Structure formats: structure tokens, C-alpha cells
Amino acid sequence: MRTYFDHEKLDVYQLELQFITWVTPLIAKVKQRPSEARIAEVLDQLDRASLSALLNMAEGNGRRQRRTRAKFFDDARGSAGECAACLDALVAKNVCAAEEIDEGKQLLLRIASILTKLVDRFDSFASLSIIREEADAQGFEEEDEDKNEE
């Protein structure tokens with residue numbers, strides 16, 4: 001796939017697209033199953049949250065202010081958590097087996113982990129400066145992360 005925007009180059013964006021590709025047939029399959037449980041709301045929320053994670057990540061990556069970027073990445077991470085909870089609800093309502101949702105949960109764990117690192121990187125409190133040990137230097141060096149941004 002040809003990339004036009006910076007967010008399309010990010011692994012987390014590609015993982016979110018992969019999750020949407022994975023979850024879409026699951027939603028369609030579950031809609032066709034006979035069930036006594038009220039699942040329409042869960043499926044609708046799962047569909048909306050998967051799109052929200054993708055869109056918030058893309059919008060956040062386009063923002064220039066660090067705190068705003070962190071907020072969008074944090075919102076995307078929250079939506080990934082919502083997706084995981086929706087998958088759990090499908091299992092709890094005996095609509096899906098745990099094995100059916102395992103691949104989706106693994107994708108969501110990877111997505112949430114990357115988004116957590118992005119939030120930490122751009123959060124104003126966590127990224128004002130970092131202290132790191134240099135292999136060939138004695139002691140520690142304080143680094144202003146703003147100089148290293150792309």
C-alpha cells in the first residue's frame with residue numbers, strides 16, 4: 001500500500017488497520033448467530049471503538065503540540081481498551097469462545113503498548129527531559145527531547 005501521510009508509516013497505525021480487518025468479519029459472524037443475549041450494543045461499541053482508536057491515533061500524529069498529541073494517543077489507547085472489553089463481554093455473554101477472540105486481544109495488547117509509549121514520549125510531564133546513562137561517558141547526561149523530534 002502506498003503511503004501519503006506520516007501516520008500511515010507508523011506500525012501502530014498498521015496494527016490498528018489489521019485489527020479492524022480482523023474484527024469486521026467477527027462482528028458480521030456474531031450478528032448472524034442466534035443469541036438470547038443483548039449483543040447489538042456490544043457489537044456497535046466494538047465497531048465504533050476500533051474506528052476511534054485508528055482515527056485518534058492518526059489525528060494525534062498530525063498534531064504539533066506535544067500535550068495535544070499525547071491526549072489523542074491516550075484517547076486512542078482508551079479506545080483499544082474498550083475494544084478489549086467488548087471482546088471480553090462477547091465471551092462473558094457466551095456469544096464467542098475465548099479462543100475466537102485471542103488473536104484480536106493480542107493485536108490490541110500490541111496496540112495499547114505502543115500507544116502507551118507514545119503517550120509517555122509526548123506527555124509534557126514525562127518528556128520535559130530524560131536522563132540516560134551514556135556507555136562511554138562517566139555519569140549521566142540530561143537530554144532535551146524536543147531537539148530529537150522528527
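Could you calculate the contour length gain from ASP47 to TRP22, that is, 0.36 nm times the residue separation minus the distance between their Cα atoms, to one decimal place in nm?
Taking 0.36 nm per residue and subtracting the Cα distance, the gain is 7.9 nm.
Taking a threshold of 22 Å on the Cα-Cα distance, which of the pairs LYS9/LYS71; LYS9/LYS29; LYS71/LYS117; LYS29/LYS71 fall above it?
LYS9/LYS29; LYS29/LYS71
When the chain is fully extended, how far beyond the present Cα-Cα distance does GLN106 get from ARG2, taking 0.36 nm per residue of separation?
34.8 nm
So, R0 is 22 Å and r is the distance between the beta-carbons of ALA37 and LYS117; what FRET efficiency does that work out to, to 0.05? Don't jump to the answer; show the numbers that get you there.
Details: r = 36 Å, r/R0 = 1.65.
Once rounded, the FRET efficiency stands at 0.05.
Since every read-out is calculated from the coordinates, none of them should be taken as a lab result. Note that the structure is a prediction, hence the values are computed from the model and not measured. As a convention, Cβ positions derive from the backbone with ideal geometry for all residues, glycine included, and neighbour counts pool all protein chains shown.
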